[in-house]
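The next block holds one structure in the form of structure tokens; read it before the comments.
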Amino acid sequence: EKGGYPTFMDKEIAEQPAAVRQTLQGHFDGLRIVLDEQRLGEDELRTVDKVFVVACGSAFHSGLVAKYAIEHWTRLPVEVELASEFRYRDPVLDRDTLVVAVSQSGETADTLEAVRHARRQRARVLAVCNTNGSQIPRESDGVLYTHAGPEVGVASTKAFLAQVTANYLVGLALAQARGTKYPDEVAREFATLQEMPAAVEQTLELMDPVRELGREIGGSRAVLFLGRHVGYPVALEGALKLKELAYMHAEGFAAGELKHGPIALIEEGLPVVVVTPSPKSMPLLHAKLLSNIREIQARGARTIVISEEGDDTVAPFADVLVSLPRVPSLLQPLVATVPLQVLAAEIARSRGYDIDKPRNLAKSVTVE
Ligand code: F6R
């Protein structure tokens, strides 16, 4: 059932183009974005004036990505919160608040309680979920299913990419309902999303050097991950994968925070993975990242730079350069996450660990 792959995780990483493709399937009817089960119709989306995304772990990171896209496309304020925090505080919600609860399993205890907490305050709840008929969609007002297929590896890979994809659809559905994007713009954004499975496929073909790097740095004490904009949640996701799988100290930071503390961690030989934005579409942020890379390299870090193909300005400061296909900036997480998954898997393997079943973790966290 591993389809010729050594582990489920390897298989699921390889299935990511299909996970993205299937999650998009059926959600555009030629004119408009359509969500599943129209329990939350366009009329209801039109009056939304605030969005919360609540989730745990990787699903939370997918929500952080969503914030950049949804705010940009809809001009609605978006808050992203860990379900375990949201459920125990007094968030400001009313009937015009849309709470998006993201969960692969649909059974995560904290996310389920966050849904109940939101509904008690009459907020509308949309579940983004990978498991048909699970509890979170059952208790929500509407559901958008991710179609990643069953995920067996405990560390989330294809389900995460499917969550990121589904969250973009939520953003486009809101933009369409609110009229912050013209119908032809929504259609164009959807068409761009449809090009992403091919971009993920191309990315997968570029992973041999990343595997080699993983074997090489398996003995490191720690790895840091830096990013800005949507590259920041990608950095957090990369660090989480490495903690889970390789039991290593790993931290993700917003690169702009370096000088506010984390730069003190940089020492000779420390691997630092930097997710850089496109120099063409985000020249300002790209320049900031470039200077961050120079700073850490000057202090002895081993820089592993995830960049866009054709970006030769970063090359002189990259000890290892991973060039990925060019995609629109907001969609970069769909490609940039892949090398970080592969790196974590390979480091863990080189340390002799079972990457499908990391210690102390369960696939579905139904107790707090
Ligand atoms: C990370 C991972 C976990 C889950 C989290 C939420 O690789 O798998 O962090 O993302 O436990 O699970 P779901 O999405 O089922 O609510």
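A few notes on this one:
- Within the accessible area of the chain, the carbon and sulfur atoms contribute 50%, probe 1.4 Å, all protein chains present.
- Of interest is the spacing of the C-alpha centroids, which for segment 72-137 and segment 170-230 amounts to 23 Å.
- Per residue, segment 225-351 exposes 35 Å² of accessible surface when a 1.4 Å probe is rolled over the protein heavy atoms with every protein chain present.
- Rounded to 10°, Cα long-axis angle of helix 158-178 versus longest principal axis of the chain: 50 degrees
- Reachable aspartates and glutamates from LYS259, criterion Cα separation under 19 angstrom, eight or more residues apart if same chain: GLU251, GLU267, GLU268, GLU295
- Each pair of Cα atoms in segment 294-368 enters the Kirkwood radius, and Stokes-Einstein at 25 °C and 0.890 mPa s then converts it into a translational diffusion coefficient of 162 µm²/s.
- Alpha carbon convex hull of segment 227-320, volume per residue in cubic angstrom: 92 Å³
- Modelled spin-label separation between VAL367 and SER281, with each label point placed 7 Å from Cα along the Cα-to-Cβ direction: 4.5 nm.
- Subset of LYS181/LYS288; LYS11/LYS241; LYS158/LYS243; LYS158/LYS280; LYS67/LYS243; LYS67/LYS181 violating a 22 Å alpha-carbon distance limit: LYS181/LYS288; LYS158/LYS280; LYS67/LYS243
- With the largest listed first and rounded to whole Å, the semi-axes of the equivalent ellipsoid of the chain from the Cα gyration tensor are 32, 23, 20.
- On a per residue basis, the convex hull of the C-alpha atoms belonging to segment 81-231 measures out at 165 Å³.
- Helix-only CD estimate at 222 nm, as mean residue ellipticity for the chain, using -39500 (n - 2.57) per DSSP H run (n ≥ 4): -13500 deg cm²/dmol
- For segment 283-368, trypsin sites (Lys or Arg not before Pro) are listed when DSSP marks them as loop and at most 10 other Cβ atoms sit within 10 Å of their Cβ; the list is ARG359.
- For segment 39-130, the set of trypsin sites (Lys or Arg not before Pro) satisfying both a DSSP loop assignment and a count of at most 13 other C-beta atoms within 10 Å is given as ARG75, ARG89, ARG95, ARG122.
- Selection from LEU204, LEU242, GLN22 lying farthest towards where the dipole of the chain points positive, charges on Cβ: LEU242
- Here the calculated FRET efficiency for GLU185 and GLU139, from their Cβ-Cβ distance with R0 = 25 Å, stands at 0.15, rounded to the nearest 0.05.
- Charge dipole of segment 238-368 (Cα centre as origin; +1 on each Lys and Arg Cβ, -1 on each Asp and Glu Cβ, all else neutral): 140 debye, rounded to the nearest 20.
- For LYS363, the aspartates and glutamates whose Cα comes closer than 17 Å to its Cα, not counting residues fewer than 8 places off in the same chain, are ASP10, GLU12, GLU107, ASP110, GLU151, GLU237, GLU244, ASP354.
- One decimal place: the segment GLU257-GLU201 gains 16.9 nm when fully extended, by the rule 0.36 nm per residue minus the C-alpha distance.
- Shape of segment 1-94 from the C-alpha gyration tensor: oblate (a/c of 1.5 or more and a/b not above b/c, with a ≥ b ≥ c the square roots of its eigenvalues).
- Between the listed residues VAL365, ALA118, GLY310, the Cα displaced farthest toward the positive end of the dipole of the chain, a dipole computed from Cβ unit charges relative to the Cα centre, is found at ALA118.
- Taken about its Cα centre, segment 1-108 carries a charge dipole of roughly 200 debye when the Cβ of each Lys and Arg holds +1 and the Cβ of each Asp and Glu holds -1.
- Distance between the modelled labels on TYR88 and GLU295, one decimal in nanometres: 3.4 nm (7 Å Cα→Cβ projection).
The values are calculated or read from the model by the stated rules, or taken from the named source; none is laboratory data. Just so it is clear, the model here is predicted, and its values are computed rather than measured. So basically every Cβ, Gly included, is an ideal-geometry build from the backbone, and we count neighbours across all protein chains shown. Surface accessibility is based on the protein's heavy atoms, side chains included, excluding ligands, DNA and RNA. Shrake-Rupley method; radii C 1.70, N 1.55, O 1.52, S 1.80 Å.
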